[in-house]
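Just below is one structure, and these are the notes that go with it.
The values are calculated or read from the model by the stated rules, or taken from the named source; none is laboratory data. Since this is a predicted model, take the numbers as computed values, not measurements. Heads up, the Cβs are rebuilt from the backbone with ideal geometry, glycines too, and the neighbour counts pull from every protein chain shown. When the accessible area is computed, the model is the full protein with side chains, heavy atoms only, and any ligands, DNA or RNA have been set aside. Shrake-Rupley method; radii C 1.70, N 1.55, O 1.52, S 1.80 Å.
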Amino acid sequence: MSEYSEKDFDIKSHTTFKIGGKIGEVFFPQNLDEFYEILRLTAYNDLKVFGNLSNTLISSDGYDGKIILTTKMNNIKIDENHVVADAGVKGPMLSQTAAEVGLSGLEFMIGFPGSVGGEVYMNASANSQAISDTLICATCYNKEKGLIKLSKEELEFDYRTSRCQKDDLIVLQAEFELTPKPKEEIKKQMNENLAFRKSHQPSLALPNCGSIFKNPKGDSAGRLLDSIGAKQMQQGGVKVWENHANFIVNHAGGTSYDVLSLMYKMHQAVKREYNIELEPEIRFLGGNNEKENELCQILYQKMPK
Ligand code: EPU
């Protein structure tokens, strides 16, 4: 087992938030066989799976369990307009690879720091495209059923969610049916998406985790938060980004407690003003800090584990 794993792994520098303590054991499979072997040998006991850690806040007090990071599972296969990508393939890499062969449908991924597994899990979307638009099926792992291939319909995609979240499914590989298009058109769209991202969202030079809360139905979390003055809010080493109220940036060595406390302030202010309970978009991994656990009970009450 040890050939794929490291114990007491310091995770901070591996997250886009640059926050997080030690993890009990981290596994780094390089392909589907190794991934499956790890799941089998650990009997899947509370094993959690993450990609590029671009959408996850990890407790500064660490996490005592075991996790899998898919960052080394990077295989992409292309056969005409059919693309198969392993869970660890990074969004920009997949977007660019498809563009090189004149395949359209994944242009939105160019500015996403996440990886395919996480993007399927949460049905990532931007600039009028979602991963579920072109996905045809995904190979997943489930504790009871083992390896299963699920069609797009069976994956029950919706805004920032999929069946993977409620049924505890681990995404191992995703298959897409893309549309042939002139390369220049695809690249033009990708450049526009990058320009949008640059002007609307903080670059990773300012450590962050993307949108903090999901948009409530028919409204925008950024607009609601802006209207209650969130851009002036800060806590310890983190603050709300001055150009978009649904981003928290770690500007001065903040901790996970700083982030959760700030999220709580934002959440409560919107609840007081609009009676809307914003739902976090980011995942949280922790458990060792009582104060954080209390905040999570309030913030994550409606969410899957
Ligand atoms: N707005 C404000 N004040 C703010 C921020 C936004 O008034 O401080 C207003 C904007 O003017 C706009 C509206 O809110 O009218 C929506 O803002 P924006 O266009 O920035 O989009 P968003 O809904 O905040 C979503 C996704 C992003 C994705 C963009 C582009 C969510 C939670 N976020 O942002 O996804 O890149 O659309 O399509 O759905 C992510 O998931 O991490 C992410 C960045």
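Of the residues making up segment 95-122, those that are over 16 Å from Ser54 (Cα atoms) and away from the ligand (no atom under 15 Å from the Cβ) number 10. Applying the criterion of being modelled with pLDDT of 95 or more and surrounded by 17 or more Cβ atoms within 10 Å (Cβ to Cβ) to the residues of segment 74-83, the residue that is nearest to Glu294 (Cα to Cα) is Val83. Restricting Ile212, Ile186 to residues that are within 13 Å of the ligand (Cβ to nearest atom), of a type in the set (Val, Ile, Thr) and crowded, with 20+ Cβ neighbours inside 10 Å narrows the list to Ile212. Tell me yes or no: at least one residue of segment 224-242 is surrounded by fewer than 20 Cβ atoms within 10 Å (Cβ to Cβ), more than 22 Å from the chain's Cα centre (by Cα) and hydroxyl-bearing (Ser, Thr, Tyr). Yes, segment 224-242 contains at least one residue that is surrounded by fewer than 20 Cβ atoms within 10 Å (Cβ to Cβ), more than 22 Å from the chain's Cα centre (by Cα) and hydroxyl-bearing (Ser, Thr, Tyr). The residue of segment 137-168 that is modelled with the lowest pLDDT, among those that are open to solvent by less than 60 Å² (accessible area, probe 1.4 Å) and within 16 Å of the ligand (Cβ to nearest atom), is Gln165. Here the strands (runs of 3 or more DSSP E) wholly within segment 1-64 that include at least 1 residues being at pLDDT 95 or above and of a type in the set (Val, Ile, Thr) are 22-27, 56-58. State whether one or more residues within segment 215-232 are more than 15 Å from the ligand (Cβ to nearest atom) and either modelled with pLDDT under 95 or over 18 Å from Pro202 (Cβ atoms) (or both). No, that holds for no residue.
Yes/no matrix, rows are residues, columns are (1) of a type in the set (Asp, Glu); (2) surrounded by 16 or more Cβ atoms within 10 Å (Cβ to Cβ):
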| site | (1), (2) |
| --- | --- |
| Ile248 | no, yes |
| Gly253 | no, no |
| Ser256 | no, yes |
| Tyr264 | no, yes |
| Val270 | no, yes |
| Glu273 | yes, no |
| Asn288 | no, no |
| Glu294 | yes, no |
| Ile298 | no, no |
